[in-house]
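Input: a single structure, listed below in structure tokens.
The values are calculated or read from the model by the stated rules, or taken from the named source; none is laboratory data. Just so it is clear, the structure is predicted and the values come from calculations on it, not from any experiment. We place every Cβ from the backbone using ideal geometry, glycine too, and count neighbours over all the protein chains shown.
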């Protein structure tokens, strides 16, 4: 073979190979994470819906992920990183078929795991179960009932180091408003009782303020809340307060007293007078409809709020990042969020895909964004990294070319040292309840960024 022929042959070969490589590069890669369970959902107002716990002795290293399926079964997944084992736990069967009823978790001082759940504002009580062994929810004690005078939903429990002998429970209760109570720790029979409260914390001109909570672990519970439901409020303001457990009073972000919680609720509205009188209470007063997704705190303890703005006609959603600088709220636009994510065109038009802040690095935010891909327009999980000035520095795709929507992302608290950090809903979604009109309801799976243990494959 002459050199000329050899050259032409090699050229042809590399051209052919290059064409194949180019084709391979153009071929879409699908990434939807790993399926944790094929049936499961959660809302974003009952938290922590998942939790990681490691003890100092090194004997417990587990993650608990709670959800409810379309059959009304409340369940949890327990990942044991020491035993390289995962278990599915049935917490309660045949409960109300409503995705607002996902369980929430609390680690007790004796390292047992307490699980709260309730029906969606249709029953005056909470339910709870406590693990029989420290850190292990595969064996639970009997179901207990904590009765209240008003219907309940969205339990958010805390134990704070300044008062380790009590549980602080926040929820939507009295008058459909943010409510708080101090509970005793479980006695020898695992019964708890009200030590203080329940009390309604705020009184809004809106019918249903929506609140998110976060504790500093010591003496304060952060609370971000709206005037009401964005369906009914246009505009819908966003507010922020501290609950000081030392004084049991409500404070603004500057520490100014707003009210003693046990005396009467703090009054809020959408007037210029409210903005003037409480300049450090109102976070955002847009012309649009705000909804809150999460509270986090930076390394200095300053609050950060993930929020969505929804247009007056509810067709356009956008994600924003509100950071208290010590002097003012700095609100950064992150991304357009499309409209409502689900398959029912005439209901819950304010349901954005959702967003979550990484509590280990609050400059990182994950958002569910509609993106045109190989399988049409789907909601994908996108990671936004902000610089110290609050501007977006990098954008990374977590999911791509998905067959189904990926929505309601959640970074699992205290999971910074584990491979399981981010979880979300994947699939079709028609309504938040399963009933005759919406028989498919919330037929989603739960996906995560952790492939699972090799022994289980």
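Details
- Filter pass, residue 356 being surrounded by fewer than 23 Cβ atoms within 10 Å (Cβ to Cβ) and either touching a residue at least 40 places away in the same chain (Cβ under 8 Å) or assigned to a strand (DSSP E or B) (or both): no
- Qualifying residue in region 65-86 (condition: within 22 Å of the chain's Cα centre (by Cα), farther than 23 Å from residue 433 by Cα and part of a loop (DSSP other than H, G, I, E, B)): no
- Residue check for residue 189: out of contact with any strand residue (DSSP E or B) (no Cβ under 8 Å at 6 or more places or on another chain) and either under 21 Å from residue 253 (Cβ atoms) or free of Cβ contacts under 8 Å to residues at least 40 places away in the same chain (or both): yes
- Residue list for region 86-100, filter: touching a strand residue (DSSP E or B) at 6+ places or on another chain (Cβ under 7 Å) and more than 18 Å from residue 46 (Cβ to Cβ): 86, 87, 88, 90
- Residue within region 135-146 that is farther than 29 Å from residue 87 by Cα, in a strand (DSSP E or B) and in contact with a strand residue (DSSP E or B) (Cβ under 6 Å, 6 or more places away or on another chain) present: no
- Where a residue in region 227-244 is closer than 11 Å to residue 314 by Cα and its partner, wherever it lies, is at pLDDT 95 or above and not in a loop (DSSP other than H, G, I, E, B), with Cβ under 6 Å and at least six apart: 230/236; 230/289; 230/291; 230/310; 234/289
- Members of region 147-171 that are in a loop (DSSP other than H, G, I, E, B) and surrounded by fewer than 22 Cβ atoms within 10 Å (Cβ to Cβ): 148, 149, 150, 151, 161, 162
- Test: residue in region 226-246 that is farther than 19 Å from residue 209 by Cα and part of a loop (DSSP other than H, G, I, E, B): yes
- Residue match in region 368-381 (condition: under 30 Å from residue 78 (Cβ atoms) and either in contact with a helix residue (DSSP H, G or I) (Cβ under 8 Å, 6 or more places away or on another chain) or surrounded by fewer than 19 Cβ atoms within 10 Å (Cβ to Cβ) (or both)): no
- So residue 222, is it closer than 23 Å to residue 272 by Cβ and under 19 Å from the mean Cα position of the chain (by Cα): no
- Some residue of region 401-409 being surrounded by fewer than 16 Cβ atoms within 10 Å (Cβ to Cβ) and at pLDDT 95 or above: yes
- Test: residue in region 334-346 that is within 20 Å of the chain's Cα centre (by Cα) and within 20 Å of residue 50 (Cα to Cα): no
- Out of 275, 307, sole residue that is in contact with a strand residue (DSSP E or B) (Cβ under 6 Å, 6 or more places away or on another chain), assigned to a strand (DSSP E or B) and either under 17 Å from residue 236 (Cβ atoms) or touching a residue at least 24 places away in the same chain (Cβ under 8 Å) (or both): 307
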